[in-house]
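The values are calculated or read from the model by the stated rules, or taken from the named source; none is laboratory data. Everything quoted here is computed from the prediction, not taken from an experiment. Backbone-built Cβ (ideal geometry, glycine too); neighbour counts: all protein chains shown.
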Amino acid sequence: MNHVNLIGKVCTAPRIYELPNGRKIARFTLQTSETYLDEEGNTKSRKYKHLMSAWGLWTKVLEGTGKNLELAIEGKLISRFYIRNGQKHFVSEVEVNDLIIL
């Protein structure tokens, strides 16, 4: 099963792209955080950044939104590669199936 649930803040404003076939995609970065106890029992915090992609109707929802928007996201993990300047680059991102603006 490939299922991802995240709650976090948008840290790069969504950018909307229109593909040659007319489909639209929104790309943005979501920052999540977690707390944990270190070896001495002190509470610490860790932050993670996740690349996100949203298709279709979600592009209309995200259009015009900016940074610091808090979202709950449900989606799936996608891994892909592309070639730029002769170099192969691998990317993992979350493809949004559903989102809620919190």
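Side notes on the structure shown:
- Restricting attention to segment 6-31 and to residues that are surrounded by fewer than 17 Cβ atoms within 10 Å (Cβ to Cβ) and among the hydrophobic types (A, V, I, L, M, F, W, C), the residue that is nearest to Glu70 (Cα to Cα) turns out to be Ile7.
- Residue within segment 47-64 that is farther than 19 Å from Asn97 by Cα, touching a Ser or Thr at 6+ places or on another chain (Cβ under 9 Å), modelled with pLDDT of 95 or more and not aliphatic (A, V, I, L, M) present: yes
- Residues of segment 33-68 classified as surrounded by 12 or more Cβ atoms within 10 Å (Cβ to Cβ), farther than 25 Å from Phe81 by Cα and of a type in the set (S, T, N, Q), total: 1
- Gly41 fulfils the conditions (1) among the small types (Gly, Ala, Ser); (2) touching a strand residue (DSSP E or B) at 6+ places or on another chain (Cβ under 9 Å); (3) at pLDDT below 95 except for a single criterion, (2).
- Among residues of segment 55-85, those that are part of a strand (DSSP E or B) and in contact with a Phe, Trp or Tyr (Cβ under 8 Å, 6 or more places away or on another chain), counted: 3
- Total residues in segment 1-18 satisfying the condition of being modelled with pLDDT of 95 or more and part of a loop (DSSP other than H, G, I, E, B): the figure is 2.
- Any pair with Cβ under 6 angstrom, 6 or more apart, that starts in segment 86-102 at a residue that is over 15 Å from Ser53 (Cα atoms) and part of a strand (DSSP E or B) and ends at one that is among the β-branched types (Val, Ile, Thr) and modelled with pLDDT of 95 or more: none
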